[in-house]
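Working notes, beginning with the structure itself.
The values are calculated or read from the model by the stated rules, or taken from the named source; none is laboratory data. Bear in mind the structure is a predicted one, so any value in this text is a computation, not a measurement. So basically every Cβ, Gly included, is an ideal-geometry build from the backbone, and we count neighbours across all protein chains shown.
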């Protein structure tokens, strides 16, 4: 009994695992996680927890966020720009292994390898789903959670888009309605409203109130010859990702910041407001004139809001 008590006291007195300074040194890093080579870059003057940016797409990469939001965020935060598996400069798994669970595990293995108890997370678009799932599974390991252009309820967002389509383009809505599968309870199939170039233009208009923003994002994402292969998106779609709903709001016990674009017709604001209403320690911001990429349209405001939130100001 005395020996057991002595061992317990030793464990309690043992220091926490030391941070792996080499793995978090400023600059570019590559490391193999779950059999895939992942790329990330550490930058910034902050000395606090590493704050990981989780990009959208799926499969977009971190290039545009680092270019436009990075300069402001790096003034006060220790930023980590991570390219998820199959994205940006990270390796495409030869097994084509993609899932939300696997992406969450990639993050957790990175945190362990870095030797840090907690990380901050900034997710945008698809990255918000990954950020929410990680935070819900490991709430004690997340210091702050930022969700920009969030997708907490994709079916609800699609129904809102269908309602708008019915008002604004009845013919397109009729096509989308006719494309519903047997037993499908959705209002319409937004992905069948348009075909060919019109479909691409409709998607662009949903995300970009100003198409100049699209040009800036596309140019930044293409630097170095990079592109979204579509591989991750196709894999997740086949797993039913378009039916994704985040249903573990009670697990988000850390401070949460939700930022929605008032003119984002893709990640519409209503589901994001609904999520904020279910989270205890939350701050909700809406940028009335911004779309899906508010960090490109209003980078200084975005950087200051996020930095102040994570710094506790």
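Quick look at the numbers
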item: Given (1) without any contact (Cβ under 8 Å) to a residue 12 or more places away in the chain; (2) more than 20 Å from residue 144 (Cβ to Cβ), number of the condition residue 308 does not satisfy; result: (2)
item: Test for residue 50: is it under 23 Å from residue 154 (Cα atoms) and touching a residue at least 60 places away in the same chain (Cβ under 8 Å); result: no
item: Exclusive hit being assigned to a helix (DSSP H, G or I), at pLDDT 95 or above and closer than 17 Å to residue 229 by Cβ, set 103, 107; result: 103
item: Number of the condition not met by residue 283 [criteria: (1) more than 19 Å from residue 190 (Cβ to Cβ); (2) touching a residue at least 24 places away in the same chain (Cβ under 8 Å); (3) in the same structural domain as residue 51 (by TED's automatic domain parsing); (4) buried (at least 17 other Cβ atoms within 10 Å of the Cβ)]; result: (4)
item: Among the candidates 298, 289, residue that is assigned by TED's automatic domain parsing to the domain that holds residue 68 and without any contact (Cβ under 8 Å) to a residue 60 or more places away in the chain; result: 298
item: Candidate set from the stretch 78-100 (those that are in contact with a helix residue (DSSP H, G or I) (Cβ under 6 Å, 6 or more places away or on another chain) and not in a loop (DSSP other than H, G, I, E, B)); member that is surrounded by the fewest Cβ atoms within 10 Å (Cβ to Cβ); result: 100
item: In the stretch 25-48, the residues that are assigned to a loop (DSSP other than H, G, I, E, B), buried (at least 18 other Cβ atoms within 10 Å of the Cβ) and modelled with pLDDT of 95 or more; result: 44
item: Unmet criterion (only one of (1) part of a loop (DSSP other than H, G, I, E, B); (2) surrounded by 14 or more Cβ atoms within 10 Å (Cβ to Cβ); (3) at pLDDT 95 or above) for residue 247; result: (2)
item: Yes/no for residue 295 being surrounded by 20 or more Cβ atoms within 10 Å (Cβ to Cβ) and closer than 30 Å to residue 47 by Cα; result: yes
item: Selection status of residue 165, touching a helix residue (DSSP H, G or I) at 6+ places or on another chain (Cβ under 6 Å) and either crowded, with 23+ Cβ neighbours inside 10 Å or over 24 Å from residue 290 (Cβ atoms) (or both); result: yes
